[in-house]
Amino acid sequence: MTLPSVAVLDYGSGNLRSAVRAVERAGAEAVLTSDPAVAAEADGLLVPGVGAFEACMRGLREVDGVRIIERRLIAGRPVLGICVGMQILFAEGIEHGVRTEGCSEWPGVIERLQAPIVPHMGWNTVAPGDGSRMFAGIADERFYFVHSYGLRDWVLSRPPAMPEARVTWTEYGGDRFVAAVEDGPLWATQFHPEKSGDAGMLLLQNWLATL
C-alpha cells in the first residue's frame, strides 16, 4: 500500500527534523522542502514554526510560502500548521508593539498571553469542538505547549449555509486561547504534536486520514 506523502515546509523555522520524524512515525512519507512544486504535489503540507511571528513571516515570504499555502487551500488540499505555523495563518501578530501581517487565511490577531507566568510551557488539556476529527479518540489527552503568544479571540463568522470551523480551546493561568482549529482542508495546532508523545502521533494519524 502506498503511504501518503507529506511535505514539511522548510522556511528556516521550526523543529524541522522532529516534524519529519513524527510524520514518518505516524505512517507517511515525509520530505523536507522549500520547493513550491514539491509542496504543491504532496498529499499534505505541514507548516512548522518556532520563534517570533515577524521572523517566521519573513522566512515564509522568502520561499513564497504564503502563495504555496494559499494555492493548496484554493484547491482543497490539506495543510497543517503547528505552533507559530498556526499563528501565521491569522491576519496579524503583535509582538513588542510591532504589528506584522500574517497569511490572513483566518481573521484575528496573535497577541501576548495574559497569564501571570509566560511562556506557557508544558503539558495541558484541551477542549475540542463538537465533532472534532482532529481529536477523535484523544479528546482527554494532554498536549505539549511552548509559547508566549496566541489567539485569545476567535472572530471568524460565516453565513449559515457555510460550514463553521471547529475551534478547540485551552486555558493557562486564567487566560483562555485557541489550542487548535479544523476548517476544511486547513488544520492547525498551537501545541506541538511532534513533542506530545503517543497522543501527538494519534493526532497526526487523524490528519493523515484526511489526505
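Any read-out appearing in this document is the output of simple, stated calculations on the displayed coordinates, not a laboratory observation. Here the structure is a predicted model, which means the values were calculated and not measured. Backbone-built Cβ (ideal geometry, glycine too); neighbour counts: all protein chains shown.
Observations
- Only helices enter the 222 nm calculation for the chain: every DSSP H run of n ≥ 4 contributes -39,500 (n - 2.57), and dividing by all residues gives -7000 deg cm²/dmol, rounded to 500.
- Region 155-206: relative contact order as a whole-number percent, Cα under 8 Å and 6+ apart: 20 percent
- Region 1-111, relative contact order in percent, only Cα pairs under 8 angstrom and at least six apart counted: 24 percent
- Global geometry of region 1-160, whether rounded, prolate or oblate, following the gyration tensor of its Cα atoms and the 1.5 cut on a/c: rounded
- Secondary structure note: in the chain, about 60% of the DSSP beta bridges are antiparallel.
- Structural descriptor for the chain: relative contact order 20 percent, calculated from alpha carbon pairs under 8 angstrom and at least 6 residues apart.
- When only the Cβ of Lys, Arg, Asp and Glu is charged (+1, +1, -1, -1), the dipole of the chain relative to its Cα centre reaches about 80 debye.
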